[in-house]
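As structure tokens, the structure follows; a few thoughts come after it.
The values are calculated or read from the model by the stated rules, or taken from the named source; none is laboratory data. As the structure is a prediction and not an experimental result, all values here were calculated from the model. Don't worry about glycine lacking a Cβ; one is built from the backbone with ideal geometry, like all the others, and counts go over all protein chains shown. When the accessible area is computed, the model is the full protein with side chains, heavy atoms only, and any ligands, DNA or RNA have been set aside. Shrake-Rupley method; radii C 1.70, N 1.55, O 1.52, S 1.80 Å.
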Amino acid sequence: MSYIDGFVVAVANSNKENYLKHAKIAGEIFKEYGALKVIEAWGDDVPDGEVTSFPMAVKASADETVVFSIAFWPSKEVRDEAWRNVMEDPRMHPDENPMPFDGKRLIYGGFVPILEL
């Protein structure tokens, strides 16, 4: 059974290139440790909501864009082991690969696929 990690974060529009650089490094590291595929998506049609929405969830300001990221893993076991390695990998440390966004507003979670068409 496969496994998926999903991430939502607000990124300053002025940091788009820095975010892309950070994401490329992180994505390559994820793949080294077993991710099958990593996708980064810059918000294009992400409306504000009245009760809840992506922008509200990450407290996006007017000069920020919501970014949605997803990593596909062959199993939860591979993902769990990969995360241990990713967190210890020096290329992911803030002094080596600083996060160009407010990590306190990052939303993430692991998901078990229940339907694929």
* Hits in region 72-117 - residues which are more than 18 Å from Leu36 (Cβ to Cβ), in contact with a helix residue (DSSP H, G or I) (Cβ under 8 Å, 6 or more places away or on another chain) and not aliphatic (A, V, I, L, M) -> Asp89, Arg91, Glu96, Asn97, Pro98, Pro100, Phe101
* To do: May I ask you to list pairs of residues, at least six apart or on different chains, whose Cβ atoms are under 6 Å apart, with the first in region 88-103 being surrounded by fewer than 11 Cβ atoms within 10 Å (Cβ to Cβ) and the second being in a loop (DSSP other than H, G, I, E, B) and not β-branched (Val, Ile, Thr)?
  => Pro90/Glu96
* Would you check which residues across region 1-18 are within 12 Å of Ser61 (Cβ to Cβ) and either aromatic (Phe, Trp, Tyr) or crowded, with 17+ Cβ neighbours inside 10 Å (or both) and list them? => Ala10, Val11
* Asked: For region 25-74, how many residues are in contact with a Pro (Cβ under 9 Å, 6 or more places away or on another chain), open to solvent by 50 Å² or more (accessible area, probe 1.4 Å) and either without any contact (Cβ under 8 Å) to a residue 12 or more places away in the chain or within 14 Å of Tyr108 (Cβ to Cβ) (or both)?
  -> 3
